[in-house]
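Below: one structure, written as structure tokens.
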Amino acid sequence: MASVVEYKGLKAGYHCGYCDSEEGKASCGMWAHSLTVQDYQDLIDRGWRRSGKYVYKPVMNQTCCPQYTIRCRPLQFQPSKSHKKVLKKMLKFLAKGEISKGNCGDEPMDSTVEDAVAGDFALINKLDIKCDLKTLSDDLKESLENEEMKKEKNSKKEESNESIHSQAIEEKLGSGEPSHSIKVHTVPKPGKGADLSKPPCRKAKEIRKERKRLKLMQQNPTGEHEGFQAQGQPPSLFPPKAKSNQPKSLEDLIFESLPENASHKLEVRVVRSSPPSSQFKATFQESYQVYKRYQMVIHKDPPDKPTVSQFTRFLCSSPLEAEYPPNGPECGYGSFHQQYWLDGKIIAVGVIDILPYCVSSVYLYYDPDYSFLSLGVYSALREIAFTRQLQEKTSQLCYYYMGFYIHSCPKMKYKGQYRPSDLLCPETYVWIPIEQCLPSLENSKYCRFNQDPEAVDEGRSKEPDRLQVFHKKAIMPYGVYKKSQKDPSEEAAVLQYASLVGQACAERMLLFRS
């Protein structure tokens, strides 16, 4: 099946959910009737993003808050201190039912939700989508059967093992605690008027820890005992001893075995949302109710706004075709809901796309009663671990796409904390490590990250006449189609579309023209 898209053009001067500007936002959009996973992979690698079946691309040098595509490299990912806090908080809750008081100040925001996606989605409802979807599908099927009957179709692999339990407990690296980062209590913060001759104030918990450390050091003067390191000493005095002092891996922290009498049980299930699997249909109502509560409590929506149809269009409908290649992941490629089941009920859902080179995070919603678990951070870490798991079978699937990074919006900068990560250059569409991009972003909202002034967009549209058009039940190259067109604005729209999707997608996808 080929991708079929209907280009809607530029929409400028509308409300931005990031900076609240009434008319600062600018993006180009298209309605995707269907998309192959490879075409969507290529589109997001050119700065596009989907919201339901609407696919949009911010006009980076015009929009008020430039949105840079960001991807994390899971194979090299190391959880930060605040990530570990979130994972340990979850383990404590599962094991003993402990609820941490208050969120850690250095944690990023709980939700990976992008307000502006909802803004873009509101725009879809205003778009005049005249095309009759069923007729289009039938026409296309007939036309494709005539044109491409010779190609394909080896029998489709049965949809198997839909519910992937990423609960497989992995062997732990060594036995000891992770090596602790060394804190040196020195000068208090300026402006406090502190007496420097006195030791700084410390919490009772820290003092107890210090006493325990000193006691252990007396027992073991070399300073190493069960992973403890003397604080305030240069780390070189205590070289790590083989495996026992290795930091725990992400999987160690997520899948740490719980006691038999654990207070809670957490299970993560991956269910196909498009086309909907039997598991997806069976849990639809429960999943929708979590979404409704989330929108009302977290986003302050009125009770009548998060309707079933809005939920379906926004988070369940997807243009992505399900694909099951033999060398792909067991669950296949396409759109999924990753459901977090706590003691037999859904408490959160991560909406994801599994594509040839990545897991792409679309949206997260959760039961607000469980906000204390930092589910936004926790789900991102689970999705990184899930990408690593898929990569074991499908070697090229090795990235985790987190949507858009918006440096000018403080609440969207948390995505930069999942390192190592790269940002997409908005002019040449090459990936640049985020560390190299940040100095430029401090100076200017819009930046070309590629430092080579000679570099150009290698995937740009070079031969627009080869672009494929679907018109009056027939597929034809644009070179043929344009001969019958009198309207000069038609050519401008088609060329704009070609420049935004690039040559490869322009030749593979069918551009619907009425």
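Some values worked out for this structure:
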item	result
Accessible-area value, Glu22, 1.4 Å probe, nucleic acids and ligands omitted, Å²	130 Å²
Three-way shape call for the range 459-513 based on the alpha-carbon gyration tensor, with the a/c threshold at 1.5	oblate
Probe 1.4 Å - accessible area at Lys413, Å² to nearest ten	80 Å²
Ordering of 281-287, 382-388, 44-50 by burial proxy (mean other Cβ atoms within 10 Å per residue, highest first)	382-388, 44-50, 281-287
Solvent-accessible surface ranking, highest first, for His337, His407 at 1.4 angstrom	His407, His337
Computed E for Ala12/Gln289 - FRET, C-beta separation, R0 41 angstrom, nearest 0.05	0.65
Extension gain, Lys92 back to Gln496 (0.36 nm per residue minus Cα-Cα distance, nm)	140.1 nm
Whole-percent carbon and sulfur share, accessible surface of the range 459-513, 1.4 Å	55 percent
Set Lys81/Lys265; Lys81/Lys415; Lys462/Lys482; Lys85/Lys248; Lys85/Lys300; Lys300/Lys415 screened for pairs whose C-alpha atoms are more than 19 Å apart	Lys81/Lys265; Lys85/Lys300; Lys300/Lys415
Surface accessible to a 1.4 Å probe, per residue, for the residues of the range 459-513, Å²	51 Å²
Which of Lys483, Lys88 is most accessible, then next, and so on - probe 1.4 Å	Lys483, Lys88
Sequence of Val351, Val297 from largest to smallest accessible area, 1.4 Å probe	Val297, Val351
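The values are calculated or read from the model by the stated rules, or taken from the named source; none is laboratory data. All values reported here derive from a predicted model rather than from experimental measurement. Don't worry about glycine lacking a Cβ; one is built from the backbone with ideal geometry, like all the others, and counts go over all protein chains shown. We work out accessible area using only protein heavy atoms, side chains counted, and drop any ligands, DNA or RNA first. Shrake-Rupley method; radii C 1.70, N 1.55, O 1.52, S 1.80 Å.
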